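What follows is one structure encoded as structure tokens, with my remarks underneath.
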Amino acid sequence: MKTPQLFDLSGKTALITGSSGGLGFAMARGLAEAGATLVLNGRDQDKLKAAVRTLADEGHKVSAEAFDVTDEAAVTAAFARFDTAGAAIDILVNNAGIQFRKPLVDLAVADWRRVIETNLTSAFLIGREAAKRMIARGGGKIINIGSLTSEVARATVAPYTAAKGGIKLLTRSMAAEWAAHNIQANAIGPGYILTEMNKALIENQSFDAWVKGRTPTGRWGTPDDLIGAAVFLASPASAYVNGHILYVDGGMLAVL
Ligand code: GCO
């Protein structure tokens, strides 16, 4: 296969959860520009409709499926709709995630559970439904979105960190069980990225200075910085990559 074809997603359909904005929207646009047909997902119907309109206006093939990624019945119903519509999900990006910053001693178990369910359990629920169909069709691509906190911890974000650490090993578990079915399950570990979720940090002068000083590249990442990793892990170019977490962090994890 010549190099351009290695990164060609033509004829493939990609479901990206949490894709009405931020990282998910940027990765969705990048996958579409590589040829993929998109299925966006999000909680806010209005934001989702606006995202579909933006990408459709850019000439991409895009639809939306609004379902709660933490609700098993909603997830299975969404995949039943895909089946009925003859929509085969070839590429799944488990991107949906929330952040909740509070010291562990003050954390309510409800808040712990909400973060774990949204950031980790959802990847299992959606990955399971997607993989059943990928196995039947001869293969597919799963990209779970981890974090620097898949590797190291920061105070006050314990449920997020525990979930993202789980994402790293859930990805390896998916590889262990599904690689034989030609499914490549990998993860992307974003560094500190300029997103709505990090607004409070970006606007905090000392945290902003810390990120710029602690990151060898000397800057925050942008959502578009993740597109290359997403296209690589969604494409034939990564056919022999499995259970890997690719950090897109400006080098932060590489240095003390
Ligand atoms: C935080 C941030 C981080 C980043 C990202 C780093 O509060 O430290 O939200 O968790 O969002 O996950 O990789």
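The values are calculated or read from the model by the stated rules, or taken from the named source; none is laboratory data. On a predicted model such as this, the values are computed, not experimentally measured, just so you know. Neighbour counts run over all protein chains shown; Cβ positions are idealised from the backbone, glycine included. Note: areas computed on protein heavy atoms with side chains; ligands, DNA, RNA excluded. Shrake-Rupley method; radii C 1.70, N 1.55, O 1.52, S 1.80 Å.
If you scan the range 52-76, which residues turn out to be in a helix (DSSP H, G or I), more than 26 Å from THR149 (Cβ to Cβ) and either open to solvent by less than 40 Å² (accessible area, probe 1.4 Å) or in contact with a Gly (Cβ under 9 Å, 6 or more places away or on another chain) (or both)?
Within the range 52-76, VAL52, LEU55, ALA74 qualify.
Here is a yes/no grid of residues against (1) within 28 Å of MET134 (Cα to Cα); (2) surrounded by 15 or more Cβ atoms within 10 Å (Cβ to Cβ); (3) touching a residue at least 40 places away in the same chain (Cβ under 8 Å); (4) out of contact with any Gly (no Cβ under 9 Å at 6 or more places or on another chain):
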residue	(1), (2), (3), (4)
ASN186	yes, yes, yes, no
GLY189	yes, yes, yes, no
ILE202	no, yes, no, yes
TRP210	no, no, no, yes
PRO216	no, no, no, no
LEU226	yes, yes, yes, no
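Of (1) part of a loop (DSSP other than H, G, I, E, B); (2) in contact (Cβ under 8 Å) with a residue 24 or more places away in the chain; (3) farther than 16 Å from ALA130 by Cβ, LEU48 satisfies all except one. Which?
So the condition that LEU48 fails would be (1).
Can you tell me how many residues within the range 25-36 are open to solvent by less than 40 Å² (accessible area, probe 1.4 Å) and not in a loop (DSSP other than H, G, I, E, B)? Talk me through it step by step, then tell me what you get.
In the first step, residues of the range 25-36 are kept if they are open to solvent by less than 40 Å² (accessible area, probe 1.4 Å); the result is 25-28, 30-32, 34-36.
From what's left, not in a loop (DSSP other than H, G, I, E, B): 25-28, 30-32.
Of the residues in that region, 7 qualify.
Within the range 174-216, work out how many residues are within 23 Å of the chain's Cα centre (by Cα) and either within 15 Å of the ligand (Cβ to nearest atom) or not small (Gly, Ala, Ser) (or both).
Residues that pass the stated criteria total 26.
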